[in-house]
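This report concerns only the one structure given below.
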Protein chains: 2
Amino acid sequence: MEEGNKVKKYLKEKEGLVTRLGYLQRILKEYKVPVMILFEGVHASGKGRLANELLLALDPRYTRFYATHNPTETELRKPFFWQYFINTPSNTEFAIYYRSWYSLYIAMKNKMVENERYNGNKVLLKEIQAFEKTMKEDGAVLLKFYVEIKPEKQKERLQRMYDNPRTMWKAQEYDKANDKRYQKDMEEIVAEDDSWHKIPYELREKAINDVLRIVVAQLEERLKEEEKKRAETPPPNDGFFDGSFPDILTKYETSGDISKAEYKDRLEILQKEMRDIQYTLYEKKIPLLIVYEGWDAAGKGGNIKRLVQQLDPTGYEIHTTAAPTDIEIRHHYLWRFWQNIPKTGHIAIYDRSWYGRLMVERVEGFAKNKDVKRAYEEINDFEESLTNFGAIVIKFFIHISKEEQLKRFQERQEDENKLWKITDEDWRNREKWDQYVESISDMINKTDTGKAPWVIINGNNKRYARIKALETIRDLCYKEFLNVP
Amino acid sequence: MEEGNKVKKYLKEKEGLVTRLGYLQRILKEYKVPVMILFEGVHASGKGRLANELLLALDPRYTRFYATHNPTETELRKPFFWQYFINTPSNTEFAIYYRSWYSLYIAMKNKMVENERYNGNKVLLKEIQAFEKTMKEDGAVLLKFYVEIKPEKQKERLQRMYDNPRTMWKAQEYDKANDKRYQKDMEEIVAEDDSWHKIPYELREKAINDVLRIVVAQLEERLKEEEKKRAETPPPNDGFFDGSFPDILTKYETSGDISKAEYKDRLEILQKEMRDIQYTLYEKKIPLLIVYEGWDAAGKGGNIKRLVQQLDPTGYEIHTTAAPTDIEIRHHYLWRFWQNIPKTGHIAIYDRSWYGRLMVERVEGFAKNKDVKRAYEEINDFEESLTNFGAIVIKFFIHISKEEQLKRFQERQEDENKLWKITDEDWRNREKWDQYVESISDMINKTDTGKAPWVIINGNNKRYARIKALETIRDLCYKEFLNVP
């Protein structure tokens, strides 16, 4: 009787919470706030029920649900955070994670899932911190629930599953030793990070309301912040150019001249080597990412063409980076690049890349100053998560002089077959040459890491630039091959 | 010497072909013509080289490359055409397929790949025809190349692969018996379908030009057609309403009344059954698709909520169908629904669906008359490819009277918590009630197939509609479970 009254009380409270949550979802969508809510908990702890109740309270049009599962072959051929990053919500969505990167991390730590690619677990814990930081700084609300259940109650629930012929097979999948290890690891994680919310699952209606109440309270708080922010004048978006980074392009570039005849011979040999390298990457299961950045008309496209000419087309992809689509713009700017991370053994070539954040987006003010400032670290973290996985990352900046660019623009305008290559935007970018020099120098300075180095190549001589790029790829790959048996 | 001259001649011709192809790609993009080019051929026939040469001639920004591979677990858990349909080009893209649905079909036919889900090969051949027809009618250029090589030349190439330590492993993967079976099957296919282009691969430069020449010629032809079409006055888009389909909704609907108390009892039992059904689907590896269509305010959302309330959230997804995004609009209208096909054992619920093509798109004229006319067959083919795979497909139309709709609209406008649910569009749609009745009647009449039936439920009484939907799902699933051991 008393329990019955409690339930009624909770059901009544729930009604109000659900209505308010519906309102908060609609209004936060207007404020472009993405919301990420994750549930962890032992087997049969009730986290599925709680996640489903939350789902039911939300508008399915703007809600994603992602369940961590036994990794597929494809997932095992991508870096750890791939499946999660591509499943982050847009800034008009809520995402609910049923088991999350924590479950996958623990499964790898306890060797329930292949983990030969990561040296130790510290690396993954650091990636988790970087990922959550990145999401929060990008404006996401992140809520983490750990559902707790008493051992006797868990046992009772498992028994019920056994007893139902329809769910017996599911109960049989329960691995007690593994579940205990999971519990131990999760309890440690939760103890060390006070952003977790513990939900004791005893009376169902109470547990549901505990979750809803926390979600509503956090969203209310966020709504207030957003309203306050809207009332304030936003800081100016001036790209903070102060000349503090003098041109390092000319200083660090390599340059040279190669005759036509020599070029032909060396190119032929290098292209054969590229094909051999491709097969070796495949055999050794190493993903290779090659970034091409450079001035308009620097010769990136022609350079890439020489690189892939003798490659097997089933093993490489060229990704060109244009203005983001309407869906891309609603996600973290790295989201669209995570979509195209090559799987093990494959080559991805980027004709422009995530570095747009630190060049065009900075110069044009598409990214706010504070976003640019944190992008250096985010990009380093991103590339580290690739190299942690064993990927080779090579970044080229093809540098040409302002005079050489002018010459090439004019050539394009005079050749009817090349006219389409030159746009008004190219001319506009050229006017901002100095701001680009500062941005690029700053960028290279802050993102030239040991594992993902920048190579600045003078492209005034196209033949030299092509040969130099291929030689660099060859040398860096051969060096890496020595580390991988 | 003579060979050297020939090569020179071909290289010169190639230059012109490549320039022209570049132009054709740019102009056909303006005309919104998607282009699909596939390469089939035995092992080491040179199809990779030819595909790569074509790739190099195209603009990577607007070119996709898709290689058919050994199916992944995920692919085996989806219908045959899933991987291909989601990889069709948008109307501003070229797509090159290195091995295609033909290779996959032959691999299944010869039991190189799991095929227990398809009863006989005729079904898949029919699906291939339907797929190609659908793409072409949607405006795609489809070019199919079969690359032929003489046995002694193939042997020589394989030997070269063996001799290179970097490619030896690749040569070792060569399965002679399987390759012979592939060749036999492909030759039969090519003999029966004169849209194939056979490319004998002897002199490389000749073979490359043979491909480029055919591609250029076909695109030139298509360009002419497009120019002609643009010059003509397009036929009017009047939705061809002639009253030829009287309201069949009221005639075939089931309706009833259920008391509150009875509703509560029956709902509780049915929701438990839904959860059992979910586990059974999972155990038997059957995907389930449930489509909800119906008038605005018919109660689709509330009905779906009752359906999923007790389900395990890791096994179902609700897909709501809103206006297409900019990327979706550039693809075949079924493209976005193929993205969300559930894998085996999972449930996908569609709150509105591909039937929008035959309702809102017809009434509003977003789809041209000829597109609407072919959509009936396309949708039947689409659903057949799902049921061929073993999926259960259930389609609900929740019907309410025009008076009931008005009452609900007014209720929504008077309740501040429901106000957001009603939009101007709802009122506008209501004005077109009669055109909708004709469209819907026509649609149900033409797409009510034995394997993917329509169930018309009167939703004036929400309780009845919810119970009826759940009972229908239960009965159709139990019926299907009898067929699957």
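Is one or more of the residues making up the range B:368-388 over 18 Å from the mean Cα position of the chain (by Cα) and either open to solvent by 40 Å² or more (accessible area, probe 1.4 Å) or within 14 Å of another protein chain (Cβ to nearest Cβ) (or both)? Looking for residues that are over 18 Å from the mean Cα position of the chain (by Cα) and either open to solvent by 40 Å² or more (accessible area, probe 1.4 Å) or within 14 Å of another protein chain (Cβ to nearest Cβ) (or both), one finds at least one in the range B:368-388, hence yes. Could you tell me whether any residue of the range B:253-266 is under 30 Å from B:Gly48 (Cβ atoms) and at pLDDT 90 or above? No: zero hits.
Just one of the listed residues (B:Val147, B:Val123) is within 14 Å of chain A (Cβ to nearest Cβ) and within 34 Å of the chain's Cα centre (by Cα), namely B:Val147. Kindly establish whether B:Lys29 is at pLDDT below 95 and assigned to a helix (DSSP H, G or I). Spelling it out, it is not the case that B:Lys29 is at pLDDT below 95 and assigned to a helix (DSSP H, G or I). Among the residues of the range A:63-80, is any open to solvent by 50 Å² or more (accessible area, probe 1.4 Å), within 23 Å of A:Ala140 (Cα to Cα) and either among the charged types (D, E, K, R) or over 17 Å from the mean Cα position of the chain (by Cα) (or both)? Scanning the range A:63-80, I find at least one residue that is open to solvent by 50 Å² or more (accessible area, probe 1.4 Å), within 23 Å of A:Ala140 (Cα to Cα) and either among the charged types (D, E, K, R) or over 17 Å from the mean Cα position of the chain (by Cα) (or both), so the answer is yes. Each residue in the range A:290-345 was checked for being in contact with a helix residue (DSSP H, G or I) (Cβ under 7 Å, 6 or more places away or on another chain) and acidic (Asp, Glu), and 4 of them qualify. Among the residues of the range A:54-73, those identified as at the interface with another protein chain (Cβ under 9 Å from one of its Cβ atoms), out of contact with any strand residue (DSSP E or B) (no Cβ under 8 Å at 6 or more places or on another chain) and over 22 Å from A:Arg181 (Cβ atoms) are A:Leu56, A:Asp59, A:Thr72, A:Glu73. For the structure I just gave you, tell me whether A:Tyr436 is open to solvent by less than 80 Å² (accessible area, probe 1.4 Å), in the same structural domain as A:Arg352 (by TED's automatic domain parsing), under 27 Å from the mean Cα position of the chain (by Cα) and of a type in the set (Phe, Trp, Tyr). Yes, satisfied.
Kindly evaluate A:Glu3 against the criterion of being among the acidic types (Asp, Glu), away from chain B (no Cβ under 12 Å), touching a residue at least 12 places away in the same chain (Cβ under 8 Å) and outside any helix (DSSP H, G or I). Considered against the rule, which asks whether it is among the acidic types (Asp, Glu), away from chain B (no Cβ under 12 Å), touching a residue at least 12 places away in the same chain (Cβ under 8 Å) and outside any helix (DSSP H, G or I), A:Glu3 comes out as no.
Scanning the range B:153-174 for residues that are free of Cβ contacts under 8 Å to residues at least 40 places away in the same chain, outside any helix (DSSP H, G or I) and under 38 Å from the mean Cα position of the chain (by Cα) turns up B:Thr167, B:Glu173. The criterion of at least 3 residues that are aromatic (Phe, Trp, Tyr) is met, among helices (runs of 4 or more DSSP H) falling completely within the range A:53-118, by A:82-85, A:101-109.
When the range B:439-485 is filtered for residues that are among the small types (Gly, Ala, Ser) and either surrounded by fewer than 17 Cβ atoms within 10 Å (Cβ to Cβ) or within 26 Å of B:Glu116 (Cβ to Cβ) (or both), the ones remaining, listed by number, are B:Gly450, B:Ala452.
Evaluating B:Trp338 against the criteria (1) assigned to a loop (DSSP other than H, G, I, E, B); (2) away from chain A (no Cβ under 13 Å); (3) more than 22 Å from A:Met168 (Cα to Cα) leaves one unmet condition, (1).
Every listed requirement among (1) among the β-branched types (Val, Ile, Thr); (2) farther than 29 Å from A:Pro287 by Cα; (3) free of Cβ contacts under 8 Å to residues at least 60 places away in the same chain is met by A:Ile37 save one, (3). Checking each residue in the range B:10-32 for being touching a residue at least 60 places away in the same chain (Cβ under 8 Å), more than 14 Å from chain A (Cβ to nearest Cβ) and more than 20 Å from B:Arg222 (Cα to Cα) picks out B:Tyr10, B:Glu13. The selection criterion, being within 24 Å of A:Ser441 (Cβ to Cβ), touching a helix residue (DSSP H, G or I) at 6+ places or on another chain (Cβ under 7 Å) and either more than 12 Å from every other protein chain (Cβ to nearest Cβ) or not in a loop (DSSP other than H, G, I, E, B) (or both), does not hold for A:Tyr350. The condition of being among the aliphatic types (A, V, I, L, M) and either open to solvent by 40 Å² or more (accessible area, probe 1.4 Å) or under 21 Å from A:Asn87 (Cβ atoms) (or both) holds for only one of A:Ile398, A:Ile290, A:Ile329, A:Ile349, that being A:Ile329.
Tell me whether the range B:15-25 contains one or more residues that are touching a helix residue (DSSP H, G or I) at 6+ places or on another chain (Cβ under 8 Å) and within 22 Å of B:Arg157 (Cα to Cα). Scanning the range B:15-25, I find no residue that is touching a helix residue (DSSP H, G or I) at 6+ places or on another chain (Cβ under 8 Å) and within 22 Å of B:Arg157 (Cα to Cα), so the answer is no.
Just need a number here: residues in the range B:282-307 that are in a strand (DSSP E or B) and either within 11 Å of chain A (Cβ to nearest Cβ) or touching a Cys at 6+ places or on another chain (Cβ under 8 Å) (or both). Residues in the range B:282-307 being in a strand (DSSP E or B) and either within 11 Å of chain A (Cβ to nearest Cβ) or touching a Cys at 6+ places or on another chain (Cβ under 8 Å) (or both): 1 in total.
Table: residues versus (1) touching a His at 6+ places or on another chain (Cβ under 9 Å); (2) within 12 Å of chain B (Cβ to nearest Cβ); (3) modelled with pLDDT of 95 or more.
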residue	(1), (2), (3)
A:Asp326	no, yes, no
A:His332	no, no, yes
A:Pro342	no, no, yes
A:Gly345	no, yes, yes
A:Trp354	no, no, yes
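Would you call A:Thr250 modelled with pLDDT under 95 and within 13 Å of chain B (Cβ to nearest Cβ)? So A:Thr250 does not fit the description; no.
Looking at A:Gly239, A:Gly243, just one residue is open to solvent by less than 30 Å² (accessible area, probe 1.4 Å), of a type in the set (Gly, Ala, Ser) and not assigned by TED's automatic domain parsing to the domain that holds A:Phe366, and that residue is A:Gly239. Filtered by the rule that a residue be open to solvent by less than 20 Å² (accessible area, probe 1.4 Å), in contact with a strand residue (DSSP E or B) (Cβ under 8 Å, 6 or more places away or on another chain) and over 19 Å from B:Tyr146 (Cβ atoms), the range B:200-235 gives a lone residue, B:Leu219.
If you go through the range B:7-19 and pick out every residue that is open to solvent by less than 90 Å² (accessible area, probe 1.4 Å) and either over 15 Å from B:Val211 (Cβ atoms) or touching a Phe, Trp or Tyr at 6+ places or on another chain (Cβ under 8 Å) (or both), you end up with 2. Being more than 19 Å from A:Glu384 (Cα to Cα) and open to solvent by less than 60 Å² (accessible area, probe 1.4 Å) is a property that holds for A:Ala171. Go through the range A:33-52 and report how many residues are open to solvent by 20 Å² or more (accessible area, probe 1.4 Å) and either touching a Gly at 6+ places or on another chain (Cβ under 7 Å) or within 10 Å of another protein chain (Cβ to nearest Cβ) (or both). Of the residues in that region, 1 qualify. In the condition set (1) within 14 Å of chain A (Cβ to nearest Cβ); (2) open to solvent by 20 Å² or more (accessible area, probe 1.4 Å); (3) more than 24 Å from B:Lys407 (Cβ to Cβ); (4) not in a loop (DSSP other than H, G, I, E, B), B:Gln310 is compliant with all but (4).
The values are calculated or read from the model by the stated rules, or taken from the named source; none is laboratory data. Quick caveat: nothing in here was measured; it's all calculated off a predicted structure. Note: ideal-geometry Cβ built from the backbone for every residue, glycine included; neighbour counts use all protein chains shown. Heads up: the accessible areas ignore ligands, DNA and RNA and are worked out on the full protein's heavy atoms, side chains in. Shrake-Rupley method; radii C 1.70, N 1.55, O 1.52, S 1.80 Å.
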